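Report on the following structure.
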Amino acid sequence: AARPDTVRTRTTCGYCGVGCTLEAVTRDGELTAVLPARDGPVNRGHACVKGRFAHGFLVSPERLTEPLVRRNGRLEPVSWDEALRRVADGVRQAVAEGGPDAVAAISSARATNEENYLVQKFLRVVIGTNNVDNCSRLCHSPSAAGLTAAFGHSGGTDSFDDLERADCLLVVGANPAEAHPVVGARLLQRVLHGGARLVVADPRAVGLAQHADVHLRPRPGTNVALCHGLAHVLLAEGLADEEFLTHRAKGLPELASLLEDYRPDRVFELTGVPAGELVSAARIYGRARRPAIVYGLGVTEHLHGTDGVRALANLAILCGAVGTDHGCGVIPLRGQNNVQGASDMGALPDFLPGYGRVADPGARSRAEEVWGASLPERPGLRIPEMFAGARAGTVRALWIIGEDVCATDPDSNRVAEALDVCPLVVCNELFLSGTARRADVVLPAASWLEKDGSFVNFDRRFQRVRPALSPPGSARSDFDILHAVARALGADLGCPAPADALEECGRTAPVFAGVSHTRLDREGAVPWPCPDPGRPGEAKLYRESFATPDGRAHLAAVPYLPPGEQPDDDYPLVLVTGRRWAHYNSGSMTRRSGNLELASTDWLDLHPDDAARYGVGDGRPVVVESRHGRARLIARIGHEVSPGEVFCAFHFPASGVNRLTSGHADTVTSCPEYKVTAVHVAPA
Ligand code: SF4
């Protein structure tokens, strides 16, 4: 039995986008355990090693507890008043020298909905610029663009619960067993005990692949060709849903014409996937009664990532497997806890909360009425453009909230250059990260176990975040920091509490009007769209019609185009980056939580043939070099990767993995091509 002085706080995991419901157990103001909630809508009593155990970072002696300001080249502790004065003076100077567009902010998928809402309101209302973006730019921005174009809404079409009905799972470019372990386990359960057939499409032998009926291993960067090959077979073998295509879809003649060029034998040449395997996979998906597509960053983080999402969506549309009882749609696995919510709240340079375009006078005037301010109409800068602007001298104040961009953004040498020349860089951070070390002002921030608000998880589900602890020292939530900076500039952002911010967001964005903290406290989780407080949100979308202008699902006839880099004699291997199970993104929290005992370094997976060719020994240090930079890793030799391909994670900034990755980015959304970098390796 729990001791009477024990407090249990129900909250949502702040690591990945699955959104497990957790109970944080505290006694005398200290965290004693984090337990998975048995009635959690997604996790049902389960959690992975990160949500369950990776909370030692909370009491790390490295936590920032007071503001820091750069003086004579050194960061020194100061009072909040002085730090805020420095931020306000720097912002005023930037505006005086370059106008409102000289200020930019990078918001965070780690922050709550309410904080993201406030960031974009601060930029638009207080500063007068649309220069606000969030780190979904680096992961799922192609999902937002691709799913919106195909179906109408910027989110997955179906919910996690729909996956429980699926009799076929097509898992593409995702490794849920490591990156989204609770979903990975549920998918596996569906296969092992629910009779679902499984097709995995991934260059690597990821965990789920060993249970797959078919494992397709396309060369990195060839997803569009692979999907077109599957679509070709669906049409050629009469597996398409003619009635759905006639009444609910658009674009079949153009796609059918394009697909003539994607016969299985040609797709083999483009992707390396044998024709027989391609045909088998297409038959499994096309013959299923309730197929589902689940995908990850292996689809989006490409030069043609949005095309990859569209090509995947084509498969569901061809089979009538979206917006119907027949299928379970297309579901992106979001990487960070609040990737979906950060964009939903309008922390984007071209969209207001709820995805009204800033260029649309109707959407602007609705927000203007709620905010009582005139809004800028020109779309703002995306994250890579902010760094380019800083290097060019047009961005003169950059506020980075909860991101270690020097560790996580591609071609990171160039990112560091941008920060070094920008006159004012402000960071909200838990730790003195590589990015914070280059800042002019560092503001100590609260973590997900110390703040109040909500997240939107991977299946568009709002869930509450509640503080189990107080932040250390004088650290504050990003929500409070935003209010304080606004006040220092003589402005009032309104909505004093997070609950007020979500309520106000619902007035600017009708799609969220039915969601409130009160309702979330009562019901636990509410999916959007939810325009009415008296009606449930829509977990499964498009039953009546699609949310496109003509109400139809749109097929995309996008040709396959090669990735930005190809291996050559100098750089003969293709590097793919991703996550490992024990750590999370830049590792700032998991590396300080005891997870080092599980994995204490980044390593490079390479095939035995390549190890022999380049003289690399198992467990030995290896230097990896690309056209952009160099990193040092430990080699791990095995068959998880194919010959000619290498893989590593990016959890240890010291190894410098993102010095290797290129500046190539999705042509539609600017999402970096983390999944294809040409490299060579040599013993260190
Ligand atoms: Fe947290 Fe994701 Fe693990 Fe669930 S699966 S406990 S949300 S990290």
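The values are calculated or read from the model by the stated rules, or taken from the named source; none is laboratory data. Bear in mind the structure is a predicted one, so any value in this text is a computation, not a measurement. Every residue, glycine as well, gets a Cβ built from its backbone with ideal geometry; the counts of neighbours run over all protein chains shown.
Couple of notes before you dig in:
- Tally of residues being without any contact (Cβ under 8 Å) to a residue 60 or more places away in the chain and either within 16 Å of the ligand (Cβ to nearest atom) or among the aliphatic types (A, V, I, L, M) (or both) across region 1-24: 4
- Cross-chain or 6+ apart pairs with Cβ under 8 Å, region 242-262 first and on the phi > 0 side of the Ramachandran plot, then outside any helix (DSSP H, G or I): 251/554; 251/555; 251/556; 251/557
- Tally of residues being in a loop (DSSP other than H, G, I, E, B) and at negative phi across region 385-405: 5
- Residue among 71, 38, 27 that is within 16 Å of the ligand (Cβ to nearest atom), surrounded by fewer than 20 Cβ atoms within 10 Å (Cβ to Cβ), charged (D, E, K, R) and without any contact (Cβ under 8 Å) to a residue 60 or more places away in the chain: 38
- If you filter region 273-308 down to residues that are closer than 18 Å to residue 665 by Cα and in contact with a strand residue (DSSP E or B) (Cβ under 8 Å, 6 or more places away or on another chain), you find that the one that is surrounded by the most Cβ atoms within 10 Å (Cβ to Cβ) is 300.
- Subset of region 131-147 that is at pLDDT 95 or above and either in contact with a Phe, Trp or Tyr (Cβ under 9 Å, 6 or more places away or on another chain) or assigned by TED's automatic domain parsing to the domain that holds residue 313 (or both) - its residue that is surrounded by the most Cβ atoms within 10 Å (Cβ to Cβ): 146
- Residues (hydrophobic (A, V, I, L, M, F, W, C), modelled with pLDDT under 95 and more than 18 Å from residue 116 (Cβ to Cβ)) located in region 374-415: 406, 407, 415
- Scanning region 596-608 for residues that are assigned to a loop (DSSP other than H, G, I, E, B) and out of contact with any Cys (no Cβ under 8 Å at 6 or more places or on another chain) yields 598, 599, 600, 601, 607.
- Conditions (1) under 29 Å from residue 221 (Cα atoms); (2) touching a residue at least 12 places away in the same chain (Cβ under 8 Å); (3) not charged (D, E, K, R); number of the one not met by residue 351: (2)
- In region 437-457, residue surrounded by the fewest Cβ atoms within 10 Å (Cβ to Cβ) [restricted to those that are under 12 Å from residue 15 (Cα atoms) and among the polar types (S, T, N, Q)]: 447
- Looking at region 609-684, the strands (runs of 3 or more DSSP E) lying wholly inside it that each contain 3 or more residues that are closer than 12 Å to residue 574 by Cα sit at 621-626, 645-649, 677-683.
- Any pair with Cβ under 7 angstrom, 6 or more apart, that starts in region 358-382 at a residue that is β-branched (Val, Ile, Thr) and ends at one that is in a helix (DSSP H, G or I) and surrounded by 19 or more Cβ atoms within 10 Å (Cβ to Cβ): 358/364; 370/504; 370/508
- Within region 468-509, the residues that satisfy the criterion of being of a type outside the set (Gly, Ala, Ser), touching a residue at least 40 places away in the same chain (Cβ under 8 Å) and more than 21 Å from residue 86 (Cβ to Cβ) are 469, 472, 495, 498, 502, 504, 505, 507, 508.
- Residue in region 41-64 that is surrounded by the most Cβ atoms within 10 Å (Cβ to Cβ), counting only those that are within 28 Å of the chain's Cα centre (by Cα) and away from the ligand (no atom under 16 Å from the Cβ): 64
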